[in-house]
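The values are calculated or read from the model by the stated rules, or taken from the named source; none is laboratory data. Note that the structure is predicted; figures quoted are calculated from it, not measured. FYI the Cβ positions are ideal-geometry reconstructions off the backbone, even for glycines, and counts take in every protein chain you see. Please note that ligands, DNA and RNA were not included when accessible areas were found on the heavy atoms of the full protein model with its side chains. Shrake-Rupley method; radii C 1.70, N 1.55, O 1.52, S 1.80 Å.
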Amino acid sequence: SPSPSPSPTPTPTPTPTDEPLVFSVAPTARLDAGVVATGAPVTVQGDGPAAVTFERSLSRIAATLDCSACTGEVSFNAPDRLLSDHFGGGTAPWSGTMLVDFGSPAVQEVWVDATGPWTLELFTHDDLPPTQGPVSGTGHAVVLMIDGTNSFDFACSPPPGQECQAWAYSFVRPGLIGGASSEIEETTSVDVELPGVIGIRTNGAWSITP
């Protein structure tokens, strides 16, 4: 009898693989910024990648990084954080204000990854200027919103291939954190009671409407 024809070998279905988790690498250079306290911001200057250590009270910290004289890519991060989850960054010349320890109050070291000279200022949320009503801007920012409301609208237009994020920390209900993120131009309602502090992470245009 004739031999049976061999069955075709099925093509294996590729299994999806997760993106590798890439963490920031600690810079070799280390700088000490001193003690950060309400009414007493600290400033440190550097050139190239550096780890900046600081001391502080229980106050939460924000930071302004001026890398307007840098070249290439800029990233501002901390130990044990993913490169993709940095506090902020972009293509130089770049500058921005960021929440430092919004989700991790224990952070007392930050990393600047940049080429060229930069200036970093660390200060407490208490030193932010109070803001009322609609506010808008471009780039990374931290806003102390003193309007009393149960939510706010966050509108953002991120650059192509990037995203925008807003994270809010409520003063009315301490510990309440809410946020929104988007890779397209849109408006999102964020259900967080204000007054509070709102951190915006984007290199595009944004607006906040209580």
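Pairs meeting the criteria (first residue in the stretch 31-55 and closer than 16 Å to PRO79 by Cα and modelled with pLDDT of 95 or more, second residue open to solvent by 70 Å² or more (accessible area, probe 1.4 Å) and of a type in the set (Ser, Thr, Tyr), beta carbons under 9 Å, at least 6 apart or on different chains) are PRO49/THR28; PRO49/THR115; ALA50/THR28; ALA51/THR28. Taking the criterion of being open to solvent by 40 Å² or more (accessible area, probe 1.4 Å) and within 17 Å of ASN150 (Cβ to Cβ), the residues of the stretch 196-210 that qualify are THR209, PRO210. One residue stands out among those in the stretch 123-147 that are assigned to a strand (DSSP E or B) and farther than 21 Å from ARG60 by Cα: the one that is most open to solvent (accessible area, probe 1.4 Å), which is THR138. Do we have SER170 as open to solvent by less than 20 Å² (accessible area, probe 1.4 Å) and in contact with a Cys (Cβ under 7 Å, 6 or more places away or on another chain) here? Here the answer is no, as SER170 does not meet what is asked. The number of residues in the stretch 148-193 being in contact with a Ser or Thr (Cβ under 6 Å, 6 or more places away or on another chain), assigned to a strand (DSSP E or B) and of a type in the set (Asp, Glu) comes to 1.
You will find that of THR64, THR97, THR119, the residue that is β-branched (Val, Ile, Thr), in a strand (DSSP E or B) and over 19 Å from TRP167 (Cβ atoms) is THR119 and no other. Just checking, how many residues over the stretch 194-210 are closer than 15 Å to GLY137 by Cα and either part of a strand (DSSP E or B) or aromatic (Phe, Trp, Tyr) (or both)? Number satisfying all stated conditions: 9. Within the stretch 58-86, if we keep just the residues that are in contact (Cβ under 8 Å) with a residue 60 or more places away in the chain and open to solvent by 20 Å² or more (accessible area, probe 1.4 Å), the residue that is farthest from TRP118 (Cα to Cα) turns out to be SER59.
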